[in-house]
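Q: Dropping the structure in here first, questions after.
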Amino acid sequence: MKSLALIISLILSSAIASAGAHSVPEDGPDGLYIHHTDENGNSTYQYWGEAPDLVFARTIEGRALNTSSKLASLERRDGPVCSSFELDQNDANSATNGLAAWFGCGRSFKGKSEASYKSGSVVAFGCDYGDGQTYTSDKYLDDIAAVKAKCGNSAGWFAHDSWKSSYGFTQTSQSYC
């Protein structure tokens with residue numbers, strides 16, 4: 001069963017990486033990047049700078065995994081997916097907290113558009129494969145907590161197949177979305 005899950009994960013990883021994959025410049029500054037895919041399928045990005053220092057009730061370091069029955073029912077169709085890339089945990093926490101700061105009480109992005117936040121060797125991202133997403137820091141940090149609970153110190157994302165979106169983190173040398 002674990003072998004089947006690994007094979008499915010690898011197939012999904014390659015499919016997602018090849019379809020409109022985005023990346024941030026490894027030597028670029030830390031901060032928020034907004035990505036767009038033009039009509040020819042070319043990926044571009046715009047650097048927005050570092051997120052303001054916002055204070056959250058809970059950051060990713062203090063986030064407990066929500067094990068409610070609602071989450072359990074969503075896991076049948078949606079859920080965390082892991083990759084094999086080991087991450088620097090300080091960079092991972094900083095990147096996820098930076099993107100969470102941008103999401104705040106609700107940010108929207110739409111139509112072949114993604115948001116990412118780079119910190120050192122890690123980039124945190126949100127991807128829309130449908131007609132747009134509105135997301136909050138609380139929802140995002142819950143997704144990241146589920147990914148960390150399943151993937152440990154490795155890269156991964158929370159696939160929302162039912163919403164046509166995913167949220168996660170990986171090495172800056174890797175493409176995503």
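Values quoted throughout were computed directly from the atomic coordinates according to the rules given, and no laboratory measurement underlies them. Keep in mind that this is a model prediction, so the values were computed, not measured. Using ideal geometry, Cβ is built from the backbone for each residue, glycine included, and neighbour counts are taken over all protein chains shown.
Q: Got a sec to turn the phi values of region 131-148 into Karplus ³J(HN,Hα) couplings, 6.51 cos²θ - 1.76 cosθ + 1.60 with θ = phi - 60°, whole Hz, x for Gly and Pro?
A: 9, x, 9, 10, 9, 10, 4, 4, 4, 4, 5, 5, 4, 5, 4, 5, 5, 5
Q: Which order, highest average first, do 127-140, 27-40 follow once you tally other Cβ atoms within 10 Å for each residue and take the mean per peptide?
A: Packing proxy ranking, top to bottom: 127-140, 27-40.
Q: Check which residues have an amide H placed less than 5 Å from S165's amide H, if you skip close sequence neighbours.
A: Those qualifying (amide H under 5 Å, at least 5 residues apart or on another chain) are Y129, H160.
Q: Report the full-extension gain for the segment T44 to W163: residue separation times 0.36 nm, less the Cα-Cα distance, to one decimal in nm.
A: 40.5 nm
Q: Show the residues, 5+ positions off or on another chain, whose built amide H is closer than 5 Å to the amide H of F85.
A: It is A155, by chain and number.
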